[in-house]
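Chemist: Dropping a structure here in structure tokens format, bear with me for questions.
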Amino acid sequence: MASAAMFSSLRRRRSPTVEAFLAPVDISDAAVLETLRAISAEVVSSFSDALRDVEFAEAAPTVFLCLKEMHLLLYRCKILIDYVDVSSKLWLLLQNHSISGHFHDLNQEISTLLDVFPLGEISLSEDVKEHIELLCNQARRSKIFIDDHDDWLGLRLYHFFDEFDHGRIPESTELHNFFVENLGICSVKSCRAEIEFLEEMIVNHGGDLEPTASILYGFVAIMRYCRFLLFDSEDEEDELGNWSYRTVKKGLVMQEIAETFVAVPKDFCCPISLDLMHDPVVISTGQTYDRTSISRWMQEGHCTCPKSGQMLAHTKLVPNRALQKLMMQWCMGNGIASDTPQNSDYVSANSSSALTSRAAAVAVKATTRLLVEQLSNGSQRAMTVAAREIRWLAKTGRANRACIAESGAIPLLKTLLSSSNPVTQENCITAMLNLSIYEKNKSTIMDVEGCLGEIVGVLRNGHTTEARENAAATLFSLSAVHDYKKLIAREDGAVKALVGLLKEGTWRGKKDAVTALFNLSTHTENCASLIEAGAIAALVEVLGQDEVSEEAAGVLAIIVRQPLGAAAVGGEEATVSGLIGMMRCGTARGKENAVAALLELCRSGGAAATERVVKAPALAGLLQSLLFTGTRRARRKAASLARVFQRCEYASFRYSLAGSSAVGMDTSFAGDATMAVPVL
């Protein structure tokens, strides 16, 4: 009796309460799915131990093989679901049929696997087997499913593309109904997400895209237009100065563009401008240069090769089409729009210029009009947003840069360079930098009254480090035009500010400053300005800094060609030791520049400078090393400097020999006083 009562009490204690059969009634709509997900996870975990009780036949290798295949299929399903989850709405519309096909293919593979699964080799209950059979039947009957509404939305999206492609801009009500009402793109943040994702797909997948990159660029441009048409100057709270587009990280000329450039292969850079070549041509010595740079070199009366120093047999420029094709492929692979030559003889069918469609051009033009209107008449916040968007819009593509300049944005950006708002100033100077990359925009910038002075003002007194660095990069870009080098050097405080940035800036600021100084130094009339601003001492000082030593030695090698420059360079006590140090530990290009600077110092600096060079410790050994391991130009310069060294040593030996003849000095070692200089 006691045991019966105890059993009854235990049963009551273990029985579920009445609440277990009642669903909660106070759950909000938003919490229903989350609650269901949590309950499902609890139910699954409750039966997680059931698999341990499944019994297999003694020899069941096919079972484990099928289970492994099932694991692989489920993992692929998870990857596909995750892909859909992180994709943008526009991308899902464009890939609607493809994604549906992927899900159907996985379903078919699961159906095939269930058909061959050896259920007889596993001890399962009849209920479980019945469920598996139902699943098999359902999988066999399934067909590819494409949602009719999604399909209609996709066709509607292409309709808008076609409208822009024919030069017709849809009504704002139509665009609002489609993007906001149907797709739920209801904020600036969601617009950005759409733009970022499509741009990321273009960069990461290059030419392996469906739809093609040119169409995707069109959709990006349309989405950017809608962002300003539908949401005006709206921006997220407190994010105006903190947000930036996701980019492919990549250094030198300008940070915004350099990040896009990735690490530009050295063979793609012009030896004169140090910038990515747009139109590579071969001269008579076999060296390749950018057409603009080498043409200017020849127009200045030079009849030698800038890199090798050899006399030019003729001045004919032969297009390097093989290199041009490689450069275009590299640009496309890294999502970079290159400014290719206008002449159709040099344009490849695979040119990145083909990536821009008429729809993109029309949408960019419409967007630019909205942005310029905000720059002209908007609030302070609207101006900052517009400047930032122009900054990013000008980051890619010659067509974009040309369109922005033609719309009259440059004079408006110039007025904002002196803004007291650090974010506004930084976005404006960076936009100016990006616009200056397009050759025709350089003259537009320089022709705007006071624009150069405002850029120099940002370089001298910019509110942020990035603003000052981008101002230096802008001067570098503008100084690619030979006629502007003198104007920039004469602008009050420009060279001195570059020297200050070289001495005290970040590594990136030093890089921008030294490359700008390099460009300015190639104009012979700028030598005095560089010396007066203290550039020589600063350049010598940074010879020991790996980030900029190569370019600093290159600037010194140019300046020292003039007597005034040679006197200033030779007057710095640390010059020779710094250049010798580069010959010992620098890069191949750095060693080349260092030995060239030392050679020019001997040629133009007089006897005292020559004596300091030839008496430098370990010079002979370093020259011997360069003669066998240096670049072609370095070997040639080393051979010339070795001959200078040889003459000075021989003269010194003759002098000592004359002084020692009275005491009968043995002169049998005279032959050891010279270096063996190979004929190159």
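The values are calculated or read from the model by the stated rules, or taken from the named source; none is laboratory data. This structure is a prediction, so every number in the text was calculated from the model and none was measured. Cβ sites come from the backbone with ideal geometry, for glycine too, and all protein chains shown count toward neighbours. Only protein heavy atoms, including side chains, enter the accessible area calculation; ligands, DNA and RNA are left aside. Shrake-Rupley method; radii C 1.70, N 1.55, O 1.52, S 1.80 Å.
Chemist: Quick one: accessible area per residue over region 73-181, 1.4 Å probe, rounded to a whole number of Å²? All intermediate terms of the calculation are to be shown ahead of the outcome.
Modeler: Values: 6730 Å² over 109 residues.
Using a 1.4 Å probe on heavy atoms only, each residue of region 73-181 averages 62 Å².
Chemist: Using a 1.4 Å probe on the protein heavy atoms, what percent of the accessible area of region 123-193 belongs to carbon and sulfur? List each step's numbers first, then the result.
Modeler: Values: 2310 of 4530 Å².
The C+S portion of the solvent-accessible surface of region 123-193 is 51 percent.
Chemist: In addition: Sticking with the crude label model, points 7 Å out along Cα→Cβ, report the distance from D82 to K189 in nm, one decimal please.
Modeler: Inter-label distance under the simple model: 2.4 nm.
Chemist: Can you work out the Karplus-derived ³J(HN,Hα) for every residue in region 459-468? Use 6.51 cos²θ - 1.76 cosθ + 1.60 with θ = phi - 60°, whole Hz, and x for glycine or proline.
Modeler: Here the 3J(HN,Hα) series is 4, 7, 10, x, 5, 10, 4, 5, 5, 5 Hz.
Chemist: Right, another one. Within the set K395/K511; K266/K637; K89/K143; K511/K615, which residue pairs have Cα atoms separated by over 28 Å? Display every interim value, and only then the final one.
Modeler: Values: K395/K511 20 Å; K266/K637 21 Å; K89/K143 24 Å; K511/K615 32 Å.
The pairs that break the limit, which is 28 Å between Cα atoms, are K511/K615.
Chemist: Quick one: if you stick a label point 7 Å off each Cα along the C-beta vector at D148 and S123, how many nm between them?
Modeler: 5.2 nm
Chemist: Carbon and sulfur atoms: what percent of the 1.4 Å accessible area of region 402-476 do they account for?
Modeler: Working: 1090 of 2420 Å².
On region 402-476, the fraction of accessible area on carbon and sulfur atoms equals 45 percent.
Chemist: Under the 0.36 nm per residue contour assumption, what length would be gained going from the current alpha-carbon distance of D546 and M298 to full extension? Please report the intermediate quantities before stating the final value.
Modeler: Details: separation 248, 0.36 × 248 = 89.28 nm, distance 3.25 nm.
Taking D546 through M298 to full extension adds about 86.0 nm, to one decimal.
Chemist: Nearest 0.05, what FRET efficiency do T315 and H482 give at R0 = 25 Å with Cβ-Cβ as r? The partial results should precede the final answer.
Modeler: On the way: r = 17 Å, r/R0 = 0.69.
E between T315 and H482, to the nearest 0.05, is 0.90.
Chemist: For region 545-632, report the translational diffusion coefficient in µm²/s to the nearest whole number, using Stokes-Einstein at 20 °C, 1.002 mPa s, and a Kirkwood Rh over Cα pairs. Walk me through the numbers before you get to the answer.
Modeler: Numbers: Rh = 12.6 Å.
Taking Rh from Cα pairs, D becomes 170 µm²/s.
Chemist: Whole number in Å², please: accessible area per residue of region 477-580, 1.4 Å probe, ligands, DNA and RNA not counted. Spell out each step's value before the answer.
Modeler: Details: 3870 Å² over 104 residues.
Result: 37 Å² of accessible area for each residue.
Chemist: Give the lysines reachable from K68 as a straight Cα distance under 16 Å; neighbours fewer than 8 places away on the same chain don't count.
Modeler: Straight-distance partners of K68: K78.
Chemist: Within region 575-640, what whole-number % of the accessible surface is contributed by carbon and sulfur, with the 1.4 Å probe and all protein chains included in the calculation? Intermediate results must be reported in sequence, preceding the final value.
Modeler: Details: 1480 of 2650 Å².
Answer for region 575-640 is 56 percent, counting heavy atoms of protein chains only.
Chemist: At 7 Å along the Cα-to-beta-carbon direction for both Q380 and L67, put a label point, then send me their distance in nm to one decimal.
Modeler: My value for the distance between the label points is 6.8 nm.
Chemist: Next question. Which order do peptides 622-629, 150-157, 532-539 fall in by mean Cβ count within 10 Å, highest first? Don't skip to the end; give the middle numbers.
Modeler: On the way: 622-629: 17.9, 150-157: 15.4, 532-539: 21.6.
Result, highest mean first: 532-539, 622-629, 150-157.
Chemist: On to the next question. Assuming R0 = 60 Å, what is the FRET efficiency of S98 and E611, from their Cβ-Cβ distance, to the nearest 0.05? Numbers along the way, then the final one.
Modeler: Numbers: r = 75 Å, r/R0 = 1.25.
With a Förster radius of 60 Å, E is 0.20.
Chemist: What shape does region 423-544 have by the C-alpha gyration tensor, where a ≥ b ≥ c are the square roots of the eigenvalues, rounded means a/c under 1.5, and otherwise prolate means a/b greater than b/c and oblate the rest?
Modeler: On the way: a/c = 1.77, a/b = 1.19, b/c = 1.48.
Taking the square roots of the gyration eigenvalues as a ≥ b ≥ c, region 423-544 is oblate.
Chemist: By average Cβ neighbour count within 10 Å, what is the ranking of 309-322, 286-299 from highest down?
Modeler: Values: 309-322: 12.8, 286-299: 18.3.
Output ranking for 309-322, 286-299: 286-299, 309-322.
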